[in-house]
Amino acid sequence: MLKNLVDDELVARGVVVDTSICEHFPYTRQDLYHMAQVSEVKSFDDMLSAHGVGRGCDICKPAIGSIMASLWNEHILDSKHVGLQDTNDTFMANMQKDGTYSVVPRVAGGEITPQKLIVLGSVAQKYGLYTKITGGQRVDLFGARLNELPDIWRELVEAGFETGHAYGKSLRTVKSCVGSSWCRYGVQDSVAMAIRLEERYKGLRSPHKLKSAVSGCTRECAEAQSKDFGIIATENGWNLYVCGNGGIKPRHGDLFATDLDDATLIKYIDRFLMFYIRTADRLQRTSTWMDNLDGGIDYLREVVIEDKLSLAAELEAQMAHIVQTYVCEWKATLEDPKKLQRFRQFVNSDEPDSGVVFVQERQQIRPARPEERLHLVAVGD
């Protein structure tokens, strides 16, 4: 935000502002995306040799890694991509404050069978993990050591779970209420639509994380207006809201289109998401992207609904490619011995990390605080 304010003020005063993504590429993220698409560039090395200088940095590498994933949907741990990833993507899990990791399987729409709940409980108990229901209607398992991740995920994948991409700049969850199936106020089946959307957009890499929700009536129990794209049921179909945000700077989504049938709703979301991925800056949420978009919501409607730029078919085809090439990243990793070699705490030892210390609280584990660690060491525990 500060950089945008300074840049805008400099431009207003007639000062030329350098919009290069970093010192290695004299281009914006949008420029790099289009060059990669037009020239079918599929690796950072090829992009660097064709359009950059030097060796790259911690700004351009993750940005181009994200572009490669958004365009071609190749596995992030492939040898040509793995060096571009942030810490969390490198091990396909969120690193926590004590160096352990969290495991977050996908629970599409928040709907889960009793048997899968039992599996989550069994895995958490077996590996001594902390469990918590997340704001996205799924179960987070904390405290996994690096070397335990493949074993944990092997049990989860065998039980029918997939990665929830909680570690990536990608779609996280599509939250839902129970909708017309159970609720006396529901006018549409919000659970079925939420599952349909999450299954469609799972694994979609973007400039920043994406969240969604579907509410079965105007009472809005799923809080759809605070999401990057949210859907609220009406008696005639669905209302679509876009570019909401519930984070550090909350923003209500803008009402984009009303009373849409299922097919039109999904078509508009396809176009909206791919247009955002094409044109947003690195690490820019949809809410900030909308605030900086010339013409705002009216221009976005012209692009997505009226096809002002004649891009609709191309955007839909790009999304179709992502949907058709989806593979669970953890399932693919478990089938590749070379990728599994990464998941060792120490290169020259199989011993666990002695620096990881837990204490019991409310019948579960949590990382020990500094003073607790000193006490445990003193008593020899």
Within segment 16-28, residues of a type outside the set (G, A, S) and at pLDDT 90 or above come out as I21, C22, E23, H24, F25, P26, Y27, T28
Which numbered condition trips up A313, out of (1) in a helix (DSSP H, G or I); (2) loosely packed, with under 11 Cβ neighbours inside 10 Å; (3) modelled with pLDDT under 95?
(3)
Just need a number here: residues in segment 149-192 that are aliphatic (A, V, I, L, M), more than 25 Å from D228 (Cα to Cα) and in contact with a Leu (Cβ under 9 Å, 6 or more places away or on another chain).
4
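Can you give me the ranges of the helices (runs of 4 or more DSSP H) entirely in segment 79-180 with at least 2 residues that are surrounded by fewer than 17 Cβ atoms within 10 Å (Cβ to Cβ) and touching a helix residue (DSSP H, G or I) at 6+ places or on another chain (Cβ under 9 Å)?
Where helices (runs of 4 or more DSSP H) fall fully within segment 79-180 and carry at least 2 residues being surrounded by fewer than 17 Cβ atoms within 10 Å (Cβ to Cβ) and touching a helix residue (DSSP H, G or I) at 6+ places or on another chain (Cβ under 9 Å), they are 114-127, 149-158.
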If a residue must be in the same structural domain as W72 (by TED's automatic domain parsing) and either over 30 Å from N73 (Cα atoms) or in a helix (DSSP H, G or I) (or both), how many such residues does segment 1-53 contain?
19
Could you list, in sequence order, the residues of segment 200-224 that are touching a Leu at 6+ places or on another chain (Cβ under 9 Å) and over 30 Å from V327 (Cα atoms)?
none
Here the qualifying pairs (Cβ atoms under 6 Å; residues six or more apart or on different chains; first in segment 242-268 and within 21 Å of Y201 (Cβ to Cβ) and touching a residue at least 40 places away in the same chain (Cβ under 8 Å); second surrounded by fewer than 18 Cβ atoms within 10 Å (Cβ to Cβ) and aliphatic (A, V, I, L, M)) come out as D254/I297
Output yes when any residue across segment 331-342 is polar (S, T, N, Q), modelled with pLDDT of 95 or more and farther than 18 Å from L149 by Cα, and no when none is.
no
Does segment 269-292 contain at least one residue that is in contact with a strand residue (DSSP E or B) (Cβ under 6 Å, 6 or more places away or on another chain) and more than 17 Å from L171 (Cβ to Cβ)?
no
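When you scan segment 52-60, do you find a residue that is in contact with a Gly (Cβ under 8 Å, 6 or more places away or on another chain) and on the phi < 0 side of the Ramachandran plot, even just one?
yes
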Checked pairs for segment 38-50, first of a type in the set (A, V, I, L, M), second part of a helix (DSSP H, G or I), C-beta under 6 Å and 6 or more apart or across chains, list as V41/M47; M47/I64
For segment 189-296, list the strands (runs of 3 or more DSSP E) that sit wholly inside it and hold at least 3 residues that are under 16 Å from the mean Cα position of the chain (by Cα); which are they?
210-215
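The values are calculated or read from the model by the stated rules, or taken from the named source; none is laboratory data. These numbers were taken from a predicted model, which means no experiment stands behind them. Cβ atoms come from the backbone with ideal geometry, glycine included; neighbour counts cover every protein chain shown.
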